[in-house]
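Here the structure comes first, spelled out in C-alpha cells, and everything after it is commentary.
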Amino acid sequence: MIRTVSLIAVLFLTMSAASQTRAFAEDRDMNGAPAHLHLDKGAAHSASGSTSSNPLLLYKGGAVLHSSTTMAIFWGTQWNTPSFAGDKINGIDLFFSGMNASEYASTALEYGDTTGSITSSSLYLGHVIDATAAPNRALSTSSAVAEACKVVGNNPNPSALYLIYTATGAGHVNYCAWHSWGTCSNGAPIQVAYMPNLDGLAGCDPQDAVTGHSQGLAALANVTAHELLETITDPRGTGWVDSSGNENGDKCAWSFPITTSNPYGLSTLSNGTTWKLQMEWSNAAYTAGTGLPNRSSQLGCIY
C-alpha cells in the first residue's frame, strides 16, 4: 500500500534571472535531447507556481522502463581518497540495492505504456570508479553521455540508467541534478543522470538530521531518487509529463513525508536502510483525493 504524506515548508534561495539564463545556456548542452533538471529549493518553488486546470501527468505515447536497471559511475580523482569519499559510495550502493521491490519504487506502478506496466523491480549493476579528472564545471548532456558510453564500452543496456556522480560541483547553477538521454558513438541509445558534488549546498540539502548519513550522501540520495523515478516514467522525453512539462518527481520536489507517525519524513527501502527522500506524484492518489499537497496545494504526493 502506498502511503500518503504531508507537505513541508521549503527554503527559498534567490537567483537572478540573468544568472538563471546563463546557467541554462552554459550547462544544458542539449545533444539532441533536453536535460530534465531537478531544480534547487528556491528555483523549484518558483517553477511549481503554475496551477494548471489539469495537474495530472499525461502520457505522450512513448516508452517507459517496465523495470529499472542502474549503474553508478563515480567520476573524479578524489573518489579513491577515503577522506573525500566518506560514506557516499557505500551509501549509494545500499540505496540502489534497497530500491528493488520497495514501496518507494512502487510509486510509479500506475504509469505504463502501450507495451506493458511498470513494476517495482530494480536491478543494480554496482558502481564503477573512473579516477580520471572530472570537469570542474557542470556536465553537459553530451559530456555525460560520452562518459557513460566510455565506461560501458559503447555497449549500454538500453533499459538502464547510468548515474554519474562527479567529485566536482556544478558551479553557479540553480539545479541539483538532472537526467537526459542520447546515443553512444555507435548509435546505441543510453539514459544518463548527473549528480554533482552537493556537499554543503543548502539549496540541495534535504536536512536529514536523524539517519546518520552525511549531508553529502543524504543530498545525493534524495536527488538520485528524483532522477531515477523520473527516468522510469519518462526515460526519453516521450513518457509521462504534465501540461507544463513537469515529471512525477518535479511535482513533489522538496516535499517530504512528514506526518505524525513519521515526524522526520523518512522512507525505508526493501533492504531496511532509511533515507529522507522526497515524495513522488500519483495521478491515482490525486484523483481519489488520498494524496497530500505539493507546494501548489495539489493533493497527489505519495511515497
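Tabulated values for the structure
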item: Every residue from region 266-295 that is buried (at least 16 other Cβ atoms within 10 Å of the Cβ), farther than 17 Å from Thr224 by Cβ and polar (S, T, N, Q); result: Ser282, Asn283, Asn294
item: Residue tally, condition part of a helix (DSSP H, G or I) and either free of Cβ contacts under 8 Å to residues at least 12 places away in the same chain or more than 15 Å from Thr224 (Cα to Cα) (or both), over region 247-261; result: 1
item: Selected residue (only one of Gly98, Gly62 is at pLDDT 95 or above, in contact with a Ser or Thr (Cβ under 6 Å, 6 or more places away or on another chain), over 17 Å from Ala193 (Cβ atoms) and part of a helix (DSSP H, G or I)); result: Gly98
item: Qualifying residues in region 192-221 (those that are buried (at least 18 other Cβ atoms within 10 Å of the Cβ) and of a type in the set (Gly, Ala, Ser)) - the one nearest to Asp93 (Cα to Cα); result: Ala221
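The values are calculated or read from the model by the stated rules, or taken from the named source; none is laboratory data. Treat the numbers as computed from the prediction; the structure is a model and nothing was measured. Heads up, the Cβs are rebuilt from the backbone with ideal geometry, glycines too, and the neighbour counts pull from every protein chain shown.
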